[in-house]
Amino acid sequence: MADQQSGSFSDLYEVMQQRKGADAVPRLTRPRSSPPPRSIVHPEPSQSREVGKEGSREISREVSQPGKREVGKPFVDLNERAWRKDSFLFTDAEFHALEQLKLDLRSKHDLPATKNDLARCAIGHLLRDYRERGDNGFVVELLKHKSGR
């Protein structure tokens, strides 16, 4: 074996060719079967939510459906734990304005605001405005002027 390790590629090639002749018998392969279908497992109520680390994907099995909200109850309750994760694209100006607002709320009002809190507040405001004003709401007017429709 020591004489086979002389260190040149030609020696390695020669050894591989010798082994190739010994392995010339065709190998039979078995067709792969697909895995059996998984059954759907419904978690216990205490296991209905699984949260990942900040910045990772979070899993939610609870779905809020329109019409299930109590009348008069705000759309957003920042004390309620948010389980859904999504991402949005911002312009540089929007990103910096949101960051500045967060910093202002912290420094001027001593409020521990996060960008996530601000986004949830904005969503709640849009939903409330649309519910109250419908076709005359802020979001409808803004989207009417969006180019590329």
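The values are calculated or read from the model by the stated rules, or taken from the named source; none is laboratory data. Note that the structure is predicted; figures quoted are calculated from it, not measured. Reconstructed Cβ throughout: ideal geometry from the backbone, glycine too, with neighbour counts over all protein chains shown.
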Checklist entry - List, please: which pairs have Cβ atoms under 7 Å, are six or more places apart or on different chains, and start with a residue in segment 76-95 that is surrounded by 10 or more Cβ atoms within 10 Å (Cβ to Cβ) and end with one that is among the β-branched types (Val, Ile, Thr)? => result Val76/Ile123; Trp83/Val51
Checklist entry - Considering only segment 125-143, how many residues are basic (Lys, Arg) and over 29 Å from the mean Cα position of the chain (by Cα)? => result 1
Next on the checklist: Looking at Tyr130 and the list (1) surrounded by fewer than 12 Cβ atoms within 10 Å (Cβ to Cβ); (2) closer than 24 Å to Lys144 by Cα, which single condition is not satisfied?
Outcome noted: (1)
Checklist outcome for this item: Among Glu80, Glu132, Glu141, Glu99, the single one that is part of a loop (DSSP other than H, G, I, E, B), modelled with pLDDT of 90 or more, out of contact with any Pro (no Cβ under 8 Å at 6 or more places or on another chain) and acidic (Asp, Glu) is Glu80
Next on the checklist: Considering only residues that are outside any helix (DSSP H, G or I) and closer than 20 Å to Ala82 by Cβ, which ones fall in segment 106-129?
Outcome noted: Leu111, Pro112, Ala113, Thr114
Checklist outcome for this item: Apart from one, (1) farther than 25 Å from Lys85 by Cβ; (2) of a type outside the set (D, E, K, R); (3) loosely packed, with under 11 Cβ neighbours inside 10 Å all hold for Leu143; the odd one out is (1)
Item to check | Hits in segment 120-143 - residues which are in contact with a helix residue (DSSP H, G or I) (Cβ under 8 Å, 6 or more places away or on another chain) and within 19 Å of Leu89 (Cβ to Cβ) | outcome: Leu126, Val139
